[in-house]
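First, the structure itself, so that you have it in front of you.
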Amino acid sequence: MTNPPCVMQKLWLYLYFPSLQLDTLLQQSSDKNIHKQAYIIFDEAKNQACQLNKAAYQAGIRLGMGLGTASMLKADLQVIPYQEKITRNKLNNIAQNLYLATSDICFFSDNGLLLRVHNMLNLYGNLATYWQHIKHILETQNVHFHYATGHSPLAAKLLAIKAWDHITDNQKYIEKAVSQCRLQHTELPPKAIQKLNRVGIHNIKDLLNLSLADIAKRFEIDIVTYIGRLTAELSHPINFFHPKPYFDQIIELLFDVENIQILQKPLIQLLSRLEQFLKERDLLTQTLSIYLSQREHKPIELEIHSQQGEYLAKRWETLVYLKLENITLNSPIFGIQLVASETFIRSPDEQDLFTSKQGTLSSLQLTSMLQAKLGKDAVLSPTLNDDYRPEQTTLLNQTSPKTAIKVSLFALRPSFLLTPPQRLQEKVYLTSGPERIETGWWDSEFIIRDYFVAYNTVGQWYWVFKTPHNKWYLHGVFS
């Protein structure tokens, strides 16, 4: 007789972020004293403060307070309108980073993430190790958060919103903490809470003393559904998050910016996030798209290219700043978006053990800097052309060295050519030749020349040729 398979006990982790918009905006400022100033995020639709910092709390301001009351408590109170877009973008960025450590993430509310824990414990070994990885990622985000585990999504959320801040899989311990929560912390409608209070039910423990059948007879179906999902007697539908395969992040500025130089700090933040994104995935990108949102005009679109492909923020900073030097703002900037839609796997540099380092920049990095400063069309690269005529052997175009045409190099060719060739005016001594070049019959630049390597009386080495009419020309000088 075989034992029945062990059913894994379900465990969920809820992460609650009470002040995402405020945290996101304040961390952009370089002013060290900014946290001493009282700030609130004000929801105009609900006419109440929905987020506040420590200075505002110390002044007596509380969540849900009206703007008039809050202003009376703090005369120099800084009020910022609530923008759901900022919170949503920051929550998405946090989920993107957490996805590297845990697989199942759900956007469970506008300011909270639900993580399915039980299927990750085999990977991490135990709950403590798993939480260490999650906590480390959260601490790098520079946001305030509360957390809790529960055997149902609603239980974890309820405890996190109450700032329980415990990580445990002890079911009795979790149930005891849940039972002590007041109904005001739940998601039950205010009318339902009032009805329960009138019959002497003020907390979860009082409600759980009733069976679901009794609750269904005496109260609305919403209460039955909530209690069933809270106790895991009813399943809770979950839609898990699937991250974007590319980098796309937005920063909303704390105040409108009219000076390009002030954009450096938020741009450094975005580039640092890009570096982390690419480094963790071992990727490079060659193109960044930056969108500067203006108040009264269309967004300014910038494309920055790196011929070599980069992931380091400091490399991209140089290219971005060179590009920004050519920008003139028509109106204040209130937001910055950075997109890197095309990436490729990073491969190690192909260098010989005995190759000496010639400089701090590679040729491709130098090309990228020149393009960022002067424009892509203003930078040309010499490439070899499959043509025997010396004037046509080298072309100047925008083709990168990686995609240049592969042709065989000819021996004894000078590095400097005269354009056009000049009549030979001095006495020279021939050392090798002739080399007959007879080509170009297919177009109007047909040539017949006999080339020689020669030197003059002072030791300069020349590349000369003779025409069929016995006229001599100097075409190149050897270095």
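The values are calculated or read from the model by the stated rules, or taken from the named source; none is laboratory data. Owing to the predicted nature of the structure, the values given are computational and were not obtained by experimental measurement. Positions of Cβ are backbone-derived with ideal geometry, glycine not excepted, and every protein chain shown enters the neighbour counts.
Condition test on Asn93, is it touching a strand residue (DSSP E or B) at 6+ places or on another chain (Cβ under 9 Å), in the same structural domain as Asn142 (by TED's automatic domain parsing), outside any loop (DSSP other than H, G, I, E, B) and closer than 18 Å to Gln141 by Cα? Show your work before the answer.
Numbers: touching a strand residue (DSSP E or B) at 6+ places or on another chain (Cβ under 9 Å): yes; in the same structural domain as Asn142 (by TED's automatic domain parsing): yes; outside any loop (DSSP other than H, G, I, E, B): yes; closer than 18 Å to Gln141 by Cα: yes.
Spelling it out, Asn93 is indeed touching a strand residue (DSSP E or B) at 6+ places or on another chain (Cβ under 9 Å), in the same structural domain as Asn142 (by TED's automatic domain parsing), outside any loop (DSSP other than H, G, I, E, B) and closer than 18 Å to Gln141 by Cα.
Still on this structure: What number of residues in the range 424-447 are free of Cβ contacts under 8 Å to residues at least 24 places away in the same chain and surrounded by 14 or more Cβ atoms within 10 Å (Cβ to Cβ)?
So the count comes out to 2.
Where residues in the range 109-120 are free of Cβ contacts under 8 Å to residues at least 60 places away in the same chain and out of contact with any strand residue (DSSP E or B) (no Cβ under 9 Å at 6 or more places or on another chain), which of them is nearest to Leu20 (Cα to Cα)? First the steps, then the outcome.
Kept after step one, since they are free of Cβ contacts under 8 Å to residues at least 60 places away in the same chain, are these residues of the range 109-120: 109-110, 120.
With the extra rule that they be out of contact with any strand residue (DSSP E or B) (no Cβ under 9 Å at 6 or more places or on another chain), the set shrinks to 110, 120.
On the way: Asp110: 10, Met120: 27 Å.
That would be Asp110.
Cβ-Cβ below 8 Å, separation at least six or inter-chain, first residue in the range 251-265 and under 22 Å from Ile40 (Cβ atoms), second of a type in the set (Lys, Arg) and exposed (fewer than 15 other Cβ atoms within 10 Å of the Cβ): which pairs?
Once the first residue is under 22 Å from Ile40 (Cβ atoms) and sits in the range 251-265, its partners that are of a type in the set (Lys, Arg) and exposed (fewer than 15 other Cβ atoms within 10 Å of the Cβ) give Glu252/Lys85; Asp256/Arg295.
When you check Thr87 against the structure, is it among the hydroxyl-bearing types (Ser, Thr, Tyr), assigned to a helix (DSSP H, G or I) and modelled with pLDDT of 90 or more, yes or no?
When the stated conditions are applied, Thr87 passes them.
Moving to a separate point now. Report those helices (runs of 4 or more DSSP H) wholly inside the range 117-211 carrying at least 2 residues which are within 40 Å of the chain's Cα centre (by Cα). Can you show your working first?
Numbers: elements: 121-124, 127-139, 153-161, 171-179, 190-198, 204-208.
Those helices (runs of 4 or more DSSP H) span 121-124, 127-139, 153-161, 171-179.
Restricting attention to the range 121-138, report how many residues are farther than 14 Å from Leu11 by Cα and of a type in the set (Ser, Thr, Tyr). Explain how you work it out, then say what you get.
Within the range 121-138, the subset farther than 14 Å from Leu11 by Cα is 123-125, 129, 132-138.
With of a type in the set (Ser, Thr, Tyr) added as a condition, the list becomes 124, 129.
Residues that pass the stated criteria total 2.
So, one more: Give the number of residues within the range 413-439 that are part of a loop (DSSP other than H, G, I, E, B) and either under 11 Å from Pro390 (Cβ atoms) or touching a Pro at 6+ places or on another chain (Cβ under 9 Å) (or both). Break it down stepwise before answering.
Within the range 413-439, the first condition is being part of a loop (DSSP other than H, G, I, E, B), and the residues that meet it are 413-415, 424-427.
Still in the running and either under 11 Å from Pro390 (Cβ atoms) or touching a Pro at 6+ places or on another chain (Cβ under 9 Å) (or both): 413-414.
Adding up the residues that qualify gives 2.
For the range 290-308, which positions are out of contact with any helix residue (DSSP H, G or I) (no Cβ under 8 Å at 6 or more places or on another chain) and surrounded by 15 or more Cβ atoms within 10 Å (Cβ to Cβ)?
Residues satisfying the conditions are Tyr291, Ser293, Gln294, Ile300.
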